[in-house]
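I have placed the structure first, in the form of structure tokens, so that the comments after it can refer back to it.
The values are calculated or read from the model by the stated rules, or taken from the named source; none is laboratory data. Here the structure is a predicted model, which is why all the values come from computation and not from measurement. Quick reminder, even Gly has a Cβ in these numbers, built from the backbone with ideal geometry, and neighbours come from all protein chains shown. To get the accessible areas, we keep the full protein, side chains included, count just its heavy atoms, and leave off ligands, DNA and RNA. Shrake-Rupley method; radii C 1.70, N 1.55, O 1.52, S 1.80 Å.
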Amino acid sequence: MAAAKEKQLEEQLLQLLRQHPQGMTDEALEAALPAVALQDRLLAVNALLAASRLQLLKTSNGKLVYKEVAVEEAAKFKGLSAEELLIYQCIKTAANTGVWTKDMRIRTNLAQPQITKILKVLEGRKLVKAVKNVNNPSRKVYMLAELEPSRELTGGAWYTENQFDSEFINVLREACFSYISRQGDVSLSAIAAFIRAKGFSKVELRTEDIHTIVMTLVYDGRVDEVEPEGEDDNEDHYRPAVLPVPDSTALTDVPCGVCPVARECHDGGVISPQTCVYYDKWLEF
């Protein structure tokens with residue numbers, strides 16, 4: 001087939017695929033181009049695959065389909081093999097939840113050593129990246145380099161570098177409590193707006209995240225949750241607790257409750273209430 005005719009057929013294929021963004025099977029291409037010989041169509045398809053202008057994907061029902069790749073996208077994949085592109089598409093399909101190498105093997109039928117080699121190539125080109133799952137730190141998943149990992153993977157705002165950030169949570173708790181104390185009566189949306197305006201977090205804090213923090217104050221007895229009063233107000237409000245729960249009381253600090261030798265303690269014994277040094281300290285309250 002002459003070069004000019006081949007280029008014309010390639011452009012014809014691309015235009016056809018633009019009309020079917022969901023992709024087309026080889027049978028669908030054959031039906032859409034009945035006048036084109038099989039050999040000519042295969043040459044055009046292979047040329048477009050080699051130029052990274054086509055993607056070959058496997059659908060959920062196991063069928064292989066062709067999709068067009070934009071010129072800008074094709075430049076990123078120049079020189080990649082068909083297997084490398086297949087792994088890239090597998091990772092792309094997983095979006096920001098990522099995909100494990102075992103799942104790649106199942107979905108692509110490629111051997112594990114080959115997948116490992118391909119991932120190094122894709123990471124080297126900064127097309128994909130590995131992300132640790134906070135729920136399973138030993139298992140890395142892969143996603144496109146430009147994507148932000150899902151909250152299920154990173155743990156959301158409460159994790160920093162895959163570690164639970166208790167210090168950050170305490171800072172937010174005290175900031176929320178201070179704001180509620182100053183306002184006297186405040187809605188959740190107002191608390192959330194205050195926290196975001198102060199820039200406490202490098203990641204976006206959702207209203208649900210702020211609600212989680214405020215509820216820890218409620219459970220600790222530092223804040224009361226009250227129902228809205230006005231007809232136009234459908235948000236719960238928060239106020240400083242009317243009867244705050246103290247950190248400790250004389251009864252909660254009774255040493256007997258946590259004494260490791262309480263069973264051996266009795267009147268006249270080696271260990272007894274009369275000789276207990278912890279008892280003496282407790283009675284000083």
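For the subset of segment 38-51 comprising residues that are open to solvent by 50 Å² or more (accessible area, probe 1.4 Å) and at pLDDT 85 or above, which member is nearest to residue 69 (Cα to Cα)?
At the first step, the residues of segment 38-51 found to be open to solvent by 50 Å² or more (accessible area, probe 1.4 Å) are 38-39, 42-43, 46, 50-51.
Applying the additional criterion that residues be at pLDDT 85 or above yields 38-39, 42-43, 46.
On the way: 38: 22, 39: 22, 42: 18, 43: 18, 46: 14 Å.
For segment 38-51, the residue satisfying everything is 46.
Looking at segment 146-215, what helices (runs of 4 or more DSSP H) fall wholly within it and have at least 2 residues that are basic (Lys, Arg) and open to solvent by 30 Å² or more (accessible area, probe 1.4 Å)? Reasoning before the result, please.
Numbers: elements: 151-154, 166-183, 188-198.
Output list reads 166-183, 188-198.
You will find that of 118, 91, the residue that is within 16 Å of the chain's Cα centre (by Cα) and either touching a residue at least 24 places away in the same chain (Cβ under 8 Å) or in the same structural domain as residue 54 (by the TED database) (or both) is 91 and no other.
Residue-by-condition table, conditions (1) without any contact (Cβ under 8 Å) to a residue 12 or more places away in the chain; (2) touching a strand residue (DSSP E or B) at 6+ places or on another chain (Cβ under 7 Å); (3) within 21 Å of residue 241 (Cβ to Cβ):
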residue	(1), (2), (3)
184	no, yes, yes
187	no, yes, yes
196	yes, no, no
200	no, no, no
209	no, no, no
213	no, no, yes
222	no, no, yes
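Listed conditions (1) assigned to a loop (DSSP other than H, G, I, E, B); (2) open to solvent by less than 90 Å² (accessible area, probe 1.4 Å) are all met by residue 35, apart from (2).
Look at (1) exposed (fewer than 14 other Cβ atoms within 10 Å of the Cβ); (2) of a type in the set (Lys, Arg); (3) assigned to a helix (DSSP H, G or I) and you find that residue 105 fails only one, number (1). Candidates in segment 52-79 are the residues that are part of a strand (DSSP E or B) and among the basic types (Lys, Arg); of these, the one that is least open to solvent (accessible area, probe 1.4 Å) is 67.
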